[in-house]
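So the structure is just underneath, and the comments pick up after that.
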Amino acid sequence: MKENKILMQYFEWYLRPENKLWNKAIANAQYLSAIGITDVWFPPAYKGAGGKYDVGYSAYDLYDLGEFDQKGSIETKYGTKEEYINAIKKLHENGIRVYADIVLNHKIGADEPETVYASEEEQTNRNVDTSLPKKITAWTVYNFKGRNNKYSDFKWNYNHFNGTDWDESGRKNGVFRFSGKKWDQNVDAENGNYDYLMGADIDYNNPEVVEEIKKWGKWYVETTNIDGLRLDAVKHIKSGFMAEFIHEMRKIKKLDCVGEYWNRNLQSLENYITKTNSSIPLFDVPLHYNFYNASKDPNYDMSKILEHTLVKENPCKAVTFVDNHDTQPGQALQSFVENWFKPIAYSIILLRNDGYPCVFYGDYYGISHDDIKPMNDLKTLIQIRKEKSYGMQHDYLDNNNYIGWTQEGDDKHIKSGIAVVISTAGDGYKRMYVGNQNAGEIYIDALDNCQEEITIEEDGCANFNVKEKSVSIW
């Protein structure tokens, strides 16, 4: 029987090492399965430059999953290698698949510097040099002495990178392209060429690098038994390599993937999907910004909430989300959806037929760092998706402030079928069709925003009520 999938992003930025995330996942695996979570996205599991305080995106040693004394600790922010692998096993035992977050764009936290010739680039146009090649001191030597060649004896140096953002000798920040190197092509066109993002930028035109990363990927998949990959910062990595890497990984195991291509322009996302032979679904960044803008603008036209989004134009390649670790308060892409709009946004991603929805840990459990409480009704919405959100869908996205849709239900899920109505203004209603087979059935609002009962009329329709600036799920 086909069940609706739900991915949970199982972390937020400000988790503390003492939270022991891997152990929390072990303890909560059965609960997550019971409420309807089918897939979990874990944060980067390897050692970052900040040791046990590193969220994981400052990638240092991809082979150190909390096993070696490096960067001031053995464990990562989330625990030890053994705890990580046990968490994956426990989730598997409860029918939950696990996505691993991997950062292949850059390395940070080098063990030693070395002298290299480099040209400085314009920050906003990386195709323009602002200096002739000159000597700089770059942090590009990675020898991982704490690991002592276990799993791999590959040592990184400046030949394996395109450039960096720091000259130690001049104590200067900038964008420095190493002499003899070119930025990768087939990357995002922002800043002229957005190959360079941060740290020491990995050169995927170097055959040694390509071979080592593929070797690491095979080791990682076989060691951890993960089910999928969340690919970080793919707009900064040439698309040809990403398609090749995924192809190689799928020879080992049938992995699902999702790429983070942070661009609110739909065409940019569609171009990337095409260039990677449709092998990488992407997070629907345009939809997130529609949610954010609607939550901020009282005059937002809700009939356009799905316009220019991946889930509307290419639903099979869209992973929908409301917020994540980058959009939460205090982070680089801060664009946190307003609290009043969250139930509306989650209804749109969880209770429609299209897209693969991702629930954010910070919305489900709260963000104590910013005194943000868990979102009301999110657990209920997840359970409705699991049990009721099935069948033919009818859209009523036809008003600036009042929109809705229905699903007729199916024979495989008891009493399935729903009617969703949303208001961004005052109290109201929408007359909607839920199927002739549901005539005479009594519907109630699962969120208790409306207290009355609604009986479906002979023509399969009814007037479904909604309160001011809220959502009702009938």
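Numbers at a glance
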item	result
Additional length obtainable on full extension of the chain from Q383 to T137, 0.36 nm per residue less Cα span	83.0 nm
Loop trypsin sites (Lys or Arg not before Pro), the range 369-448 (other Cβ atoms within 10 Å of the site Cβ: 16 or fewer; DSSP)	K412, K415
Length-normalised contact order for the chain - Cα pairs under 8 Å, 6+ apart - percent	11 percent
R0 of 56 Å, Cβ-Cβ distance E114-H394: FRET efficiency to nearest 0.05	0.30
For the chain, the spread of Cα positions along each principal axis, largest first, Å	79, 46, 42
Accessible surface ranking that places the most exposed of D445, D69 first, with a 1.4 angstrom probe	D69, D445
FRET efficiency for K412 and A27, using Cβ-Cβ distance with R0 set to 25 Å, rounded to 0.05	0.20
Segment N86-K182, extension gain: residue separation times 0.36 nm, minus the distance between their alpha carbons	30.3 nm
For the range 350-462, size of Cβ-based charge dipole, Lys and Arg +1, Asp and Glu -1, in debye	380 debye
By accessible area with a 1.4 Å probe, ligands and nucleic acids excluded, highest first: order of D201, D370	D370, D201
Using alpha-carbon coordinates, inclination of helix 239-252 to the longest axis of the chain, degrees	80 degrees
Distance (nanometres) between label positions extended 7 Å along Cα→Cβ at K215 and A34	4.7 nm
Degrees, to the nearest 10: 378-387 long Cα axis against longest axis of the chain	70 degrees
Whole-Å distance, taken between Cα centres, linking the range 227-245 and the range 295-319	25 Å
Principal-axis tilt of helix 81-93 within the chain, Cα atoms, nearest 10 degrees	30 degrees
Label-point separation in nm, S278 to A446, each point 7 Å along Cα→Cβ	3.1 nm
Cα-based Rg of the range 80-124 normalised by 2.2 N^0.38 Å, two decimals	2.09
Set of the range 264-283 residues, backbone N closer than 18 Å to the point 7 Å along the Cα-Cβ line of K254	279-281
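The values are calculated or read from the model by the stated rules, or taken from the named source; none is laboratory data. Computed from a predicted model, the values in this text were never measured in an experiment. Positions of Cβ are generated from backbone atoms using ideal geometry, with glycine treated the same way; all protein chains shown enter the neighbour counts. Protein only, heavy atoms only, side chains kept; ligands, DNA and RNA dropped before computing areas. Shrake-Rupley method; radii C 1.70, N 1.55, O 1.52, S 1.80 Å.
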